[in-house]
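First comes the structure, then the notes that go with it.
The values are calculated or read from the model by the stated rules, or taken from the named source; none is laboratory data. Values in this document were obtained by computation on a predicted structure and should not be read as measured data. Quick reminder, even Gly has a Cβ in these numbers, built from the backbone with ideal geometry, and neighbours come from all protein chains shown. Side chains are part of the model used for accessible areas, which takes the heavy atoms of the whole protein and leaves out ligands, DNA and RNA. Shrake-Rupley method; radii C 1.70, N 1.55, O 1.52, S 1.80 Å.
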Amino acid sequence: MADDYLVRIGKLIRDARQHRGWTQSQLADALGTSQSAVNRIERGNQNISLEMIARIGEALDSEIVSLGYAGPMHLRVVGGRRLSGAIDVKTSKNACVALLCASLLNKGRTVLRRVARIEEVYRLLEVLNSIGVRTRWINDGVDLELIPPARLDMEAMDADAARRTRSIIMFLGPLLHRMDSFRLPYAGGCDLGTRTIEPHMIALRRFGLDITATEGIYHAKVAAGVSPDRPIVLTERGDTVTENALLAAARHDGVTVIRNASSNYMVQDLCFFLEALGVEVEGVGTTTLTVHGIPNIDVDVDYSPSEDPVEAMSLLAAAVVTESELTIRRVPIEFMEIELAVLEEMGLDHDRSAEYPADNGRTRLVDLTVRPSKLEAPIDKIHPMPFPGLNIDNVPFFAAIAAVAQGQTLIHDWVYDNRAIYLTDLNRLGGRLQLLDPHRVLVEGPTRWRAAEMMCPPALRPAVVVLLAMMAAEGTSVLRNVYVINRGYEELAERLNSVGAQIEIFRDI
């Protein structure tokens with residue numbers, strides 16, 4: 001029996017390594033061991049401690065084992081079932097993590113309503129708790145209260161939790177106003193290739209922040225009296241770099257102009273939150289933001305982040321690939337309009353309700369009903385653009401949608417180095433996707449989906465795309481090690497089950 005477990009553990013490790021794109025030698029280097037030892041582990045010929053399994057999981061950013069639980073979480077999917085009824089969109093994951101970082105600006109009590117209870121949020125809460133921020137779930141676990149200490153204890157930071165989320169990078173903007181020097185672990189998150197923080201450094205240097213990197217740590221020093229003497233022009237129109245610049249500008253004593261700013265949904269929610277703190281932000285929804293900073297922010301604030309357009313797109317794609325009629329409620333329509341325009345041209349049969357405001361009072365919502373449709377491949381390629389273009393995170397869902405459409409669809413995912421590669425995992429389920437280069441995939445439809453057992457891709461959106469395809473495939477599929485899905489979605493399996501899916505959560509180690 002022990003030998004059988006070693007073989008099963010070895011297979012999980014091998015699959016996780018291959019999905020990360022590492023060789024056995026690369027994993028060995030990360031662990032400080034030999035390639036032959038890794039080879040023995042993967043073949044089940046090496047006794048292995050829980051500590052070593054945990055180290056391997058950390059190196060591969062994959063939950064090989066989770067201490068205190070029965071083991072990594074898997075999903076067993078009985079596919080070929082039609083969905084029906086209605087499902088609500090949860091609050092935005094990306095807005096929630098930005099607001100958690102933004103709470104560091106405030107000396108007072110912050111309450112965030114209907115916070116997404118996801119692994120990414122839990123990791124940030126672990127980090128905040130470790131440096132002295134008191135947090136608790138209130139109102140039956142729906143809302144979140146945060147109360148900062150008079151002084152943050154940066155030396156006590158939970159480095160393991162910090163390394164498991166790229167959102168930690170957004171601590172830079174708030175912290176540069178609180179201390180002269182501090183350290184942050186390297187940021188982690190999805191495996192999407194090289195993602196430089198240089199745009200963040202270029203923007204934050206204007207506030208006196210200087211960073212050097214040694215042995216997995218960012219060492220930050222802040223020069224006193226440095227402030228932007230002209231508009232900050234971001235070198236990329238990225239969401240997190242815009243948020244970091246906003247967080248730095250919020251407590252800067254003066255007016256900061258940020259150009260080439262992202263106007264995406266999470267940035268807008270952050271701007272609305274800053275306004276609730278008393279910070280005036282002009283130009284919300286445009287690429288030029290003017291921030292009237294307040295050096296001291298000490299208010300009790302209550303804020304409701306808006307709904308997640310990427311989750312809305314996930315649920316829409318679930319309906320399309322399973323040929324279902326489904327009503328998706330609380331869809332932030334202004335961040336879905338391009339996607340719906342493309343889908344209308346492909347032949348999507350749907351209608352939408354009148355618009356109504358989100359709980360933040362600013363974002364426009366609709367209820368969207370999707371019906372079974374005969375889709376045709378779009379004439380033009382599917383490619384992302386900064387808002388108001390097609391959302392970068394929604395591109396992977398078009399791989400599953402294109403797979404059920406008649407004809408060939410070219411998907412050009414130019415932003416990330418590796419993500420298009422993970423979309424070809426759909427071929428294990430009967431898809432016909434051809435990888436043209438690391439950024440372009442040609443999808444041939446329609447697809448006759450088939451069940452399969454496979455490892456979860458290490459990138460969030462492709463992982464959900466694989467799950468949706470399994471829901472469409474007749475028979476029983478297994479998706480192993482779904483930690484990455486839990487990073488971005490709250491109880492996704494249970495919620496899909498509520499509208500007719502059959503997805504079982506299980507652990508086997």
Problem set entry | One residue from D269, D300 being within 20 Å of the chain's Cα centre (by Cα) and either under 19 Å from Y356 (Cα atoms) or not hydrophobic (A, V, I, L, M, F, W, C) (or both) | D269
Seminar exercise, completed: Log entry, pairs with first residue in the stretch 438-451 being farther than 14 Å from A472 by Cβ and charged (D, E, K, R), second being open to solvent by less than 50 Å² (accessible area, probe 1.4 Å) and not in a strand (DSSP E or B), beta carbons closer than 7 Å, six or more apart or on different chains, reads R440/A420
Problem set entry | Long-range neighbours under 8 Å by Cβ, at least six apart or interchain, first residue under 26 Å from Y416 (Cβ atoms) within the stretch 214-242, second outside any loop (DSSP other than H, G, I, E, B) and open to solvent by 80 Å² or more (accessible area, probe 1.4 Å) | G216/R163; I217/R183; Y218/R183; I232/R259; V233/R259; L234/R259; T235/E198
Problem set entry | Failed criterion for V121 (all others in (1) β-branched (V, I, T); (2) assigned to a strand (DSSP E or B); (3) at pLDDT below 95 hold) | (2)
Exercise. Mind checking which residues of the stretch 317-336 are open to solvent by less than 10 Å² (accessible area, probe 1.4 Å) and in contact with a strand residue (DSSP E or B) (Cβ under 6 Å, 6 or more places away or on another chain)?
Worked result: A319, L326, I328, V331, P332, I333
For this session: Would you mind stating whether E155 is within 25 Å of V310 (Cβ to Cβ) and open to solvent by 20 Å² or more (accessible area, probe 1.4 Å)?
Result: no
Problem set entry | Residue selected from the stretch 158-189 under the condition in contact with a Gly (Cβ under 8 Å, 6 or more places away or on another chain) and not in a helix (DSSP H, G or I), by the criterion most open to solvent (accessible area, probe 1.4 Å) | Y186
Problem set entry | Checking T447 against (1) of a type in the set (V, I, T); (2) under 27 Å from R8 (Cβ atoms); (3) in contact with a Gly (Cβ under 6 Å, 6 or more places away or on another chain), the condition it does not meet | (2)
Exercise. Out of the residues in the stretch 203-234 that are β-branched (V, I, T) and at pLDDT 90 or above, which is surrounded by the most Cβ atoms within 10 Å (Cβ to Cβ)?
Worked result: I232
Exercise. Does V395 meet the test of being surrounded by 22 or more Cβ atoms within 10 Å (Cβ to Cβ) and either without any contact (Cβ under 8 Å) to a residue 60 or more places away in the chain or out of contact with any Cys (no Cβ under 9 Å at 6 or more places or on another chain) (or both)?
Worked result: yes
Problem set entry | Filtered residue count, the stretch 277-303, keeping only those that are crowded, with 16+ Cβ neighbours inside 10 Å and within 17 Å of L104 (Cα to Cα) | 7
Exercise. Are there any pairs, at least 6 apart or on different chains, whose C-beta atoms fall under 7 Å, with the first in the stretch 304-318 and within 17 Å of D359 (Cα to Cα) and the second of a type in the set (A, V, I, L, M, F, W, C) and part of a helix (DSSP H, G or I), and if so, which?
Worked result: P305/A95; P305/C96; P305/L99; S306/A95; P309/F335
Problem set entry | Yes/no for E145 being open to solvent by less than 20 Å² (accessible area, probe 1.4 Å), modelled with pLDDT of 90 or more and not hydroxyl-bearing (S, T, Y) | yes
Exercise. Which residue, of D88, D15, D61, is under 30 Å from P305 (Cβ atoms) and modelled with pLDDT under 80?
Worked result: D61
Seminar exercise, completed: Y422 fails exactly one of (1) out of contact with any strand residue (DSSP E or B) (no Cβ under 9 Å at 6 or more places or on another chain); (2) open to solvent by 30 Å² or more (accessible area, probe 1.4 Å); (3) of a type outside the set (A, V, I, L, M), namely (2)
For this session: Return a yes/no flag: does the stretch 356-371 have any residue that is of a type in the set (D, E), in a loop (DSSP other than H, G, I, E, B), at pLDDT 95 or above and over 17 Å from I87 (Cα atoms).
Result: yes
Exercise. Does L112 fit the bill of being closer than 15 Å to L247 by Cβ and modelled with pLDDT of 90 or more?
Worked result: no
